[in-house]
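Notes to accompany the following structure.
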Amino acid sequence: MFVEIICGFIFYRLFRRFFYGPGDVLDIETSDFNAIFSVANRLEKLYGGNVYAGLRIPDADTGSRQNIDIVLVTKGEVAVISVKNLEGFVSVNEDSSWTCDGGSTRAVCHPDPVSEAKEQASVLESYVEQRGVPVPEGYFSCKVVIPNPKFRTVYKNFPSEVITYDQWVQLKPEPKSMFSGWIKSAFRSGKKEIQESFHQQLNFILSTAPTWDRMELKDNKYVLGEFLDFKGKQEDIIALRIIKRSKVSRLIIQKITMFGFVDAAHSKLQVLYSSRDYRSRGASASEWKEVTVRSSTEVIFQPQNSTKVHKFKLSSITSLFLSA
């Protein structure tokens, strides 16, 4: 029996190394990152406007950076949205902190998410004004969204800023000029629509604001953090030297195919990259450049809120966005 367990463990390690590589996606819990982008995509579909995710806004008061999950910009308001991917029974304590009891794990206490979201909105507002754009009073709001279907509440009377899972799934798409549910109360509280010039300035500031680097993995998984370097054969590393965050904003990784079939014999990957350009948010097909490297090449990446550096096989990544 003991020998069978050892053999099974060895087989698992070989299987894992062959398909994923050391330190690959199996070591990373992506559910929190996936929740952020799932909420961002749904907000954009529901209410239009522009959505920005994974921001790192400089806080002049503390000298640090404030992490902001999502910012939704419409012509009526800016909503700073904190995504809490909590599961289990959640109760609110006397000091407004939350206690989450997942059942199988020990109960975890979380600082008041509403206070955190309000602080994030305040930091973002100050940042926009520091970049030369005065913000109308009351233009920024905040919300806390809980999109996890395993969320259960012990405390029914959450603050109005909190959108529980049951409320989240009941939201319905409406025309871009209409708002409903929690968006209606937040976005139509007697505020006048801002001038188009202000709207354009605001979106430009947010589109060029510091963000976390973002990796998109296979199976629609995401990781926010900081890209550090490439690791692999010297020939490949030399070819990838051009890819620096000061020059490149996005990478797309593709398998090389011949007549529609993957060229497994050569085991190469095509890395498409676009030059950084603050004048636009994307690159046209004619602006993409390419370099070919071995599929064994790895990306060294440090996920957000992690002290551990991870290695991802380039073949497990579909795209990589680099912050300036």
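Tell me whether segment 207-246 comes out rounded, prolate or oblate; compute the Cα gyration tensor, take square roots of the eigenvalues as a ≥ b ≥ c, and use a/c under 1.5 as the rounded threshold.
oblate
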Quick calc, Val108 & Lys268: beta-carbon distance into FRET formula, R0 41 Å, rounding 0.05, result 0.35
Mind listing the long-range amide H neighbours of Asp59? Cut-off is under 5 Å, sequence gap 5 or more, other chains count too, H placed in the peptide plane at 1.01 Å from N.
Ser64, Arg65, Gln66
Could you list the residues of segment 203-233 with an amide nitrogen less than 14 Å from a label point located 7 Å from the Cα of Glu287 in the Cα-to-C-beta direction?
208
What the Cα atoms of segment 50-179 span along the principal axes, largest first and in whole Å, is 49, 40, 24
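From the square roots a ≥ b ≥ c of the eigenvalues of the alpha-carbon gyration tensor of segment 36-125, which class results: rounded (a/c under 1.5), prolate (a/b over b/c), or oblate?
oblate
Throughout, read-outs are computed from the coordinates displayed, never taken from laboratory work. Small disclaimer: the values here were computed from a predicted structure and weren't measured. All Cβ positions, even for glycine, are placed from backbone atoms using ideal geometry, and neighbour counts span all protein chains on display.
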